[in-house]
C-alpha cells in the first residue's frame with residue numbers, strides 16, 4: 001500500500017470520527033424557541049382576554065414553568081402555575097389587572113432540559129375607557145390551574161444556566177480544535193510524503 005493511500009485512509013478516518021462526534025452534538029444542543037405570545041408583545045390590548053399564553057416551536061415541560069404578570073407599578077399579580085396544551089403554556093387573564101403597561105416574565109424548560117426565560121410587555125387600555133374590564137370568567141371556556149394543591153411554590157425567574165451552556169460550548173470548541181489539529185497534521189503528513 002502506498003503512502004498516499006495510507007494518508008487518504010487516515011484523513012477519511014479523521015473526517016468520519018469528526019462527523020460522528022459533531023452529528024449528535026448538533027442535534028442534542030438544539031433548543032426550542034418562543035414562536036408567539038398572546039397578547040402580542042408591544043401591542044395595545046383593548047379588552048381582557050381569556051388567557052395569557054406563550055407558544056413554542058415544540059412542546060416544553062410544564063414542571064418548573066412560570067408566567068408572572070406585573071402591572072405598571074411593578075406589582076406581581078396573582079399568577080397560577082401555567083397549563084400546557086400542545087406547545088402552548090398559558091394562564092388565565094388576571095381579574096385584578098388594571099390599565100397601564102403590563103410586563104410578562106416567563107420561564108420554560110425544553111424537552112432537552114434547557115431552561116428558557118424572557119419577558120415581554122403590552123399596554124392594557126380596556127378599563128380606561130369604560131370602567132372595569134369584563135371578567136374572563138364570563139367566557140364558556142373553563143379556567144384550570146396546573147397545581148392541584150393550594151401550596152405556593154416560589155420559583156425564581158432568573159436561573160443561571162450559563163455554567164451548563166458554557167460546559168457544552170467548551171466541549172464543542174475542544175472537539176473542533178482537536179479535529180482541526182488532526183486535519184492539519186494529516187495535511188502536513190500528505191505534503192511530506194509526496
Unique match (being in the same structural domain as residue 65 (by TED's automatic domain parsing), surrounded by 13 or more Cβ atoms within 10 Å (Cβ to Cβ) and either modelled with pLDDT of 50 or more or part of a loop (DSSP other than H, G, I, E, B) (or both)) among 149, 109:
109
Is it fair to say residue 114 is at pLDDT below 85, under 15 Å from the mean Cα position of the chain (by Cα) and surrounded by 15 or more Cβ atoms within 10 Å (Cβ to Cβ)?
no
Take residue 76 and decide whether it is modelled with pLDDT of 95 or more, at negative phi and assigned by TED's automatic domain parsing to the domain that holds residue 120.
no
Being assigned by TED's automatic domain parsing to the domain that holds residue 124, at pLDDT 70 or above and touching a strand residue (DSSP E or B) at 6+ places or on another chain (Cβ under 9 Å) narrows 47, 81 down to just 81
Being under 20 Å from residue 36 (Cβ atoms) and surrounded by fewer than 17 Cβ atoms within 10 Å (Cβ to Cβ) is the filter here, so list the residues in segment 82-100 that pass it.
85, 86, 87
Any chance segment 4-15 includes a residue that's under 26 Å from residue 125 (Cβ atoms), at pLDDT below 90 and surrounded by fewer than 16 Cβ atoms within 10 Å (Cβ to Cβ)?
no
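The values are calculated or read from the model by the stated rules, or taken from the named source; none is laboratory data. Model, not experiment: these values are computed from the prediction. As a convention, Cβ positions derive from the backbone with ideal geometry for all residues, glycine included, and neighbour counts pool all protein chains shown.
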